[in-house]
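Remarks on the structure that follows.
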Amino acid sequence: MKYFPALLMTVLAAGLAACGGGVQLPAVAPEQVEIFMPGSLPLEEYETLATIQEQGPLGIADQELIDRARARAAERGADALLILEIRQTTEGAVEMNLAQEQLKILEGRAIYYPAKHPELNQ
């Protein structure tokens, strides 16, 4: 039992490294972050820096959510933003709950290309 904390930390560190959680990149300008819409993927090998979620009222334009998510990805130093989905909280609902706030939600991933960052391989 005395080795459990050390084992737990090792497993958590490995998990973070596998999803890019330990990678620190300098921020970039939002316009430098490529956008990949749902169903499209980069041709280059990539790693995940962070999961990105943006939300707004139902009337918000998709482009505004994309711009906000792109800015957040840029703060992390991402090379690209993979948009996994843009959905509404009402999608798939059998009956409407009028007390539930109606939102539009963007889910995505800020990613980087290891080949563009050789300094990370040292």
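Whole-Hz Karplus ³J(HN,Hα) for region 67-72, in order, using 6.51 cos²θ - 1.76 cosθ + 1.60 and θ = phi - 60°, x for Gly and Pro?
4, 5, 5, 4, 5, 5
Local charge sum around L65 (other residues, Cβ-Cβ under 13 Å, Lys/Arg +1, Asp/Glu -1)? Intermediate results must be reported in sequence, preceding the final value.
Values: positive: R68, R70, R72, R87, K104; negative: E54, D62, E64, D67, E85, E107.
With Lys, Arg at +1 and Asp, Glu at -1, the neighbours total -1.
Every number here is computed from the coordinates shown, using simple stated rules; none is lab data. Only a predicted model underlies this, so the values are computations on that prediction, with no experimental measurement involved. Please note: Cβ atoms are built from the backbone with ideal geometry, for glycine as well, and neighbour counts cover all protein chains shown.
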